[in-house]
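Note sheet for the following structure.
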Amino acid sequence: MATATARIPVLVTEAEKAQIVKKARAAGVSTGEYMRRAAKSFYPSESDEALEAMIEQMLKATERADQAIEETLDFVAASNQRIAEMESGKGSS
């Protein structure tokens, strides 16, 4: 096995750290070895992949909705301007 030399900093809460350390001790391995084994054994489920795809679609739809809202607000502002001009007599010929 190759010597581990690269670091991956992982921020966890104190409670999470305590739980990880406890599980590593129970498994009889170092915390680092426990984390390596856990990372190697993790595979996202199909539902996780489906959820990620849904999130991506939601983000795209949100962007389109934001753009549509901005366009609508611009249209309303221009319409309000025309109405104000008509009401003030500027728009009449």
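Data table
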read-out: Given (1) at pLDDT 90 or above; (2) loosely packed, with under 10 Cβ neighbours inside 10 Å; (3) in a loop (DSSP other than H, G, I, E, B), number of the condition T5 does not satisfy; value: (1)
read-out: Output for region 43-93, where each listed residue is part of a loop (DSSP other than H, G, I, E, B) and either surrounded by 10 or more Cβ atoms within 10 Å (Cβ to Cβ) or under 20 Å from the mean Cα position of the chain (by Cα) (or both); value: Y43, P44, S45, G91
read-out: Enumeration of residues in region 32-66 that are at pLDDT 95 or above and touching a Lys or Arg at 6+ places or on another chain (Cβ under 9 Å); value: Y34
read-out: Subset of region 16-40 [surrounded by fewer than 10 Cβ atoms within 10 Å (Cβ to Cβ) and within 24 Å of the chain's Cα centre (by Cα)]; value: K40
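The values are calculated or read from the model by the stated rules, or taken from the named source; none is laboratory data. All values reported here derive from a predicted model rather than from experimental measurement. No Cβ is skipped: glycine too gets one built from the backbone with ideal geometry, and neighbour counts run over all protein chains shown.
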